[in-house]
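The next block holds one structure in the form of structure tokens; read it before the comments.
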Amino acid sequence: FDLYLLELATGALRKLTEFPGPEIQPRWSPDGRWIAYLSQTVPDIESAETDVSRVPAGGGPPENLTAAWPRAVERFEWLTAGEILFSEAAGVHTRPCRLAVTSRAVTALDEGPWSYSRLGPSRTGGGSAKQSD
């Protein structure tokens, strides 16, 4: 379940992460410097919470961006190179949150109680979320 980077021109394969649990949903940052992904907080336990982590695309140690946030991250999207929009598990519902990457500050964007089925950048550069009942 580790992340690898494959150079198509040369076929070179470079390992980016090494953790006993899965790293999933890799996403390139808008500036191409980072790859963010969901990482488990406890290895090899399927029900473990997940956090947003990132690793430098050029190689280097990964960083857990939401380690201090008390809830599990379900999905995420980059808004800008410095902001990530994610949905968190809040009981039986989900809610959208915004993460300032540098400061690790998280802002809940809606208190619910409902669930969101999609997250993504809007045409104006902010975030958008699709609510479902």
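The values are calculated or read from the model by the stated rules, or taken from the named source; none is laboratory data. Given the structure is predicted, the values throughout are model-derived calculations rather than measurements. For neighbour counting, all protein chains shown are included, and Cβ atoms are generated from backbone atoms with ideal geometry for every residue, glycine included. Ligands, DNA and RNA are excluded from the accessible area calculation, which covers all protein heavy atoms including side chains. Shrake-Rupley method; radii C 1.70, N 1.55, O 1.52, S 1.80 Å.
Contact map, region 2-26: residues that are at negative phi paired with residues that are assigned to a loop (DSSP other than H, G, I, E, B) and among the hydroxyl-bearing types (S, T, Y), Cβ distance under 6 Å, separation 6+ or inter-chain. Pairs shown: D2/T17; L3/T17; E23/T17. For region 25-57: of the residues being at pLDDT below 95 and charged (D, E, K, R), which is least open to solvent (accessible area, probe 1.4 Å)? Only one residue fits best here, namely D51. Annotation: of all residues in region 73-95 being open to solvent by 60 Å² or more (accessible area, probe 1.4 Å) and either in contact with a Phe, Trp or Tyr (Cβ under 8 Å, 6 or more places away or on another chain) or in contact (Cβ under 8 Å) with a residue 24 or more places away in the chain (or both), the one that is farthest from Y37 (Cα to Cα) is H93. When restricted to residues that are within 21 Å of T80 (Cβ to Cβ), assigned to a strand (DSSP E or B) and among the small types (G, A, S), region 1-42 contains 1.
Take L119 and tell me if it is more than 23 Å from Y4 (Cα to Cα), among the aliphatic types (A, V, I, L, M), at pLDDT below 85 and within 15 Å of the chain's Cα centre (by Cα). Taking the combined requirement at face value, the residue satisfies it. Just to verify a result, which residue in region 96-108, among those that are in contact with a strand residue (DSSP E or B) (Cβ under 8 Å, 6 or more places away or on another chain) and over 19 Å from S39 (Cα atoms), is least open to solvent (accessible area, probe 1.4 Å)? Among residues in region 96-108 that are in contact with a strand residue (DSSP E or B) (Cβ under 8 Å, 6 or more places away or on another chain) and over 19 Å from S39 (Cα atoms), the one least open to solvent (accessible area, probe 1.4 Å) is A108.
Modelled with pLDDT of 95 or more, loosely packed, with under 15 Cβ neighbours inside 10 Å and not charged (D, E, K, R): does that describe P70? Here the answer is no, as P70 does not meet what is asked.
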